[in-house]
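Student: Supplied in structure tokens, the structure appears directly below.
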Amino acid sequence: MINFSLSEEQKALRGLARQFAQNEIAPLAAECDREAEHPIAIIEKAHGLGLMNMTVPERYGGAGLGMMETCLITEELAAACAGIGTAIVANTLALTPLLLAGTVEQLERYVKPLCAGPNLAALCMTEPLAGSDVGAIRTSARREGNHYVINGTKTLIDNGGVAQLYSLFASTGLEKGARGISAFMVPADLTGVSVGKQEDKMGQRAINTSEVIFEDVLVPVENRLGEEGQGFNIFLESLNRNKPWIAAASVGVARAALEAAIQYAQERVQFGQPIASFQAIQFMLADMAIKIEGARLLTWQAAWRVDQELRHSYQSAIGKCYASDIAMEVAIDALQVFGGYGYIKEYPVEKYMRDAKAFQIYVGTNQIQRHIIAQHLLS
Ligand SMILES: Cc1cc2nc3c(=O)[nH]c(=O)nc-3n(C[C@H](O)[C@H](O)[C@H](O)COP(=O)(O)OP(=O)(O)OC[C@H]3O[C@@H](n4cnc5c(N)ncnc54)[C@H](O)[C@@H]3O)c2cc1C
């Protein structure tokens, strides 16, 4: 019933991702973080190797992989740099609304050309006044003949400004709240789409995060995904299906932090011996390993349920919440193992802490994940 071994294909994919991450991402991670530099050259290489658009079926130009494989790849990319890794994998989230609700014609027209090159997509839901409470969005889509006229501002959008295609959630019935939300595909080059403030983030600085502004944007009716009012459910299911790879990215950061701490503890000598010989340090390392192993199993369980088309919102919330919480804890403990040097930018661990923090916030904060989990328990 239970099998913890990976298939030969999964091992090969993980090996490919690990090699790519260590050879191509790791050497540029510090610079991209310092300069908040969009890693276009790395994205081009990742696309060439088939490490993008992982869950998009091959007939639409994707890798045709499951969520389990996506998690294996993402852990490796994020272990090298969470910002660059997220920039590479974000298409998987942004294209999910299309895969869930798009017609064959819509997929042929938008997903196929996007996946043909190292192009990016972004998912636009959050607004300045609507974060956790997505039912409060004010971006409106007013129907006029064969078009919708879209007006509003989206904020904190990963790959904002560098994406060619936006999965946009806008209201076609403001008075209906969440039930008035509809989903649209909006090419970034449509008249009236512009990029607003570029966010100066504390972590995951290699991925562009910005405001995206929609001013009287004319979007053809055939760009709507599903029916009017189905946007909220499309959004929720898109998040549920993608939380496992956010969890895997968190595990990747935590693993990298532990590896750095182990190496440092064996090299750093105090009181005439490596600090790794002190039980206080050993127990910190052991606790970090316990958390990482547990988080990875929860992540894989959630990914497996997504791939099996079993109900997964509960396990996805648990995996994302636990893995991102332990990534933060492990990164803080790794920094402690480095002592004063952990606090200095010259060493890698403070970046792990800054990077890990974002995972506790996006695709629903961990308070919202706990709310979802509690609802399951009490329903
Ligand atoms: C790096 C980064 C990348 C992002 N990328 C994207 C993206 O690509 N696309 C996109 O649409 N959005 C994106 N976001 C936005 C993200 O999804 C929101 O920040 C998140 O949903 C929280 O919304 P908020 O920031 O408005 O916080 P708020 O909703 O204002 O919450 C503030 C605090 O209150 C808590 N809170 C709110 N409601 C409740 C409640 N009911 N019960 C308990 N606690 C509650 C929250 O947990 C949080 O601690 C990104 C955010 C970050 C930081």
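Student: Hey, which aspartates and glutamates would be in cross-link range of residue 11, C-alpha to C-alpha under 17 Å, not counting anything within fewer than 8 residues on its own chain?
Tutor: 69, 75, 76
Student: Counting only residues 5 or more places away or on other chains, whose amide H sits under 5 Å from the amide H of residue 126 once H atoms are built in the peptide plane?
Tutor: Distant-sequence amide H within range of residue 126: 155.
Student: Through the Karplus equation 6.51 cos²θ - 1.76 cosθ + 1.60, θ set to phi - 60°, convert the phi angles of the stretch 172-183 into ³J(HN,Hα) values in whole Hz; use x for Gly and Pro.
Tutor: With coefficients 6.51, -1.76 and 1.60, one gets 9, x, 3, 5, 8, x, 4, 6, x, 7, 10, 10 Hz.
Student: Output the DSSP H helices from the chain with an along-axis C-alpha extent of no less than 24 Å and a mean Kyte-Doolittle hydropathy no less than 0.0.
Tutor: Span-like helices in the chain: 231-267, 279-307, 313-337.
Student: Taking only the alpha-carbon positions of the stretch 183-253 and ignoring solvent, what does the Debye formula give for the base-10 log of I(q)/I(0) at q = 0.13, 0.14, 0.20, 0.29 Å⁻¹?
Tutor: The Debye formula, applied to the Cα set alone, gives -0.61, -0.70, -1.09, -1.14.
Student: How much accessible area does residue 346 have with a 1.4 Å probe, in Å² rounded to the nearest 10?
Tutor: The accessible area of residue 346 comes to roughly 150 Å².
Student: Would you mind classifying the stretch 1-111 by shape? Square roots of the alpha carbon gyration tensor eigenvalues, ordered a ≥ b ≥ c; an a/c under 1.5 is rounded, otherwise it is prolate if a/b is larger than b/c and oblate if not. List each step's numbers first, then the result.
Tutor: Working: a/c = 2.16, a/b = 1.20, b/c = 1.80.
Oblate, because a/c is 1.5 or more while a/b does not exceed b/c.
Student: Further question on the same structure: Tell me whether the stretch 87-156 comes out rounded, prolate or oblate; compute the Cα gyration tensor, take square roots of the eigenvalues as a ≥ b ≥ c, and use a/c under 1.5 as the rounded threshold.
Tutor: Numbers: a/c = 2.26, a/b = 1.30, b/c = 1.74.
Taking the square roots of the gyration eigenvalues as a ≥ b ≥ c, the stretch 87-156 is oblate.
Student: Counting only the heavy atoms of the protein chains, how much of residue 267 is accessible to a 1.4 Å probe, in Å² to the nearest 10?
Tutor: My reading of the accessible area for residue 267 is about 120 Å².
Student: Can you give the accessible area of residue 316, probe radius 1.4 Å, in Å² rounded to 10?
Tutor: 0 Å²
Student: I've got another one for you. Would you pull out the residues with amide H under 5 Å of residue 196's amide H, same chain only if 5 or more places away, H placed 1.01 Å from N?
Tutor: 211, 212, 213
Student: Sticking with this structure for a sec: Would you list which aspartates and glutamates come within 18 Å of residue 154, measuring only between C-alpha atoms, while excluding same-chain residues fewer than 8 positions from it?
Tutor: Here the aspartates and glutamates satisfying the reach criterion relative to residue 154 are 127, 133, 189, 199, 200, 211, 215, 216.
Student: So what are the radius of gyration and Dmax for the Cα set of the stretch 207-345, in Å?
Tutor: 21.1, 72
Student: Another question, then. Placing unit charges on C-beta atoms (Lys and Arg positive, Asp and Glu negative, everything else neutral), compute the dipole magnitude of the chain about its Cα centre in debye, rounded to 20. Don't skip to the answer; put the middle values down first.
Tutor: On the way: 32 positive and 41 negative charges, 112 e Å.
Dipole of the chain, to the nearest 20 debye: 540 debye.
Student: When a/c reaches 1.5 or more, the comparison of a/b and b/c decides; with that in mind, is the chain rounded, prolate or oblate per its Cα gyration tensor? Don't jump to the answer; show the numbers that get you there.
Tutor: Details: a/c = 1.80, a/b = 1.74, b/c = 1.03.
Judged from the Cα gyration tensor, the chain comes out prolate (a/c at least 1.5, a/b above b/c).
Student: Please list, in chain and number order, the residues 5+ apart from residue 143 or on another chain whose amide H is under 5 Å from its amide H, with Hs placed from the backbone.
Tutor: Sorted by chain and number, the residues that satisfy this are 149.
Student: Among 268-274, 62-68, how do they line up from the highest to the lowest mean number of other beta-carbon atoms within 10 Å? Intermediate values should be presented prior to the final figure.
Tutor: Working: 268-274: 11.0, 62-68: 21.4.
Per-residue mean Cβ counts within 10 Å order the peptides as 62-68, 268-274.
Student: At 7 Å along the Cα-to-beta-carbon direction for both residue 283 and residue 146, put a label point, then send me their distance in nm to one decimal.
Tutor: 7.2 nm
Student: Let me ask you something else. For the stretch 213-226, take each phi angle, set θ = phi - 60°, evaluate the Karplus expression 6.51 cos²θ - 1.76 cosθ + 1.60, and give the result in whole Hz per residue in order, putting x for glycine and proline.
Tutor: 10, 10, 10, 6, 7, 8, 10, x, 4, 5, 8, 6, 9, x
Student: While we're here: Given a 1.4 angstrom probe, I'd like the percentage of the accessible area of the chain that is carbon and sulfur, rounded to a whole number.
Tutor: Details: 8960 of 16720 Å².
Within the chain, the accessible surface is 54 percent carbon and sulfur.
Student: What pairs in 45/291; 243/351; 320/351; 112/243 have C-alpha atoms more than 29 Å from each other?
Tutor: On the way: 45/291 32 Å; 243/351 22 Å; 320/351 20 Å; 112/243 24 Å.
Result: 45/291 exceed 29 Å.
The values are calculated or read from the model by the stated rules, or taken from the named source; none is laboratory data. Nothing here was measured: the structure is a model prediction, and the numbers come from that model. Quick reminder, even Gly has a Cβ in these numbers, built from the backbone with ideal geometry, and neighbours come from all protein chains shown. Heavy atoms of the whole protein, side chains included, go into the accessibility calculation; ligands, DNA and RNA do not. Shrake-Rupley method; radii C 1.70, N 1.55, O 1.52, S 1.80 Å.
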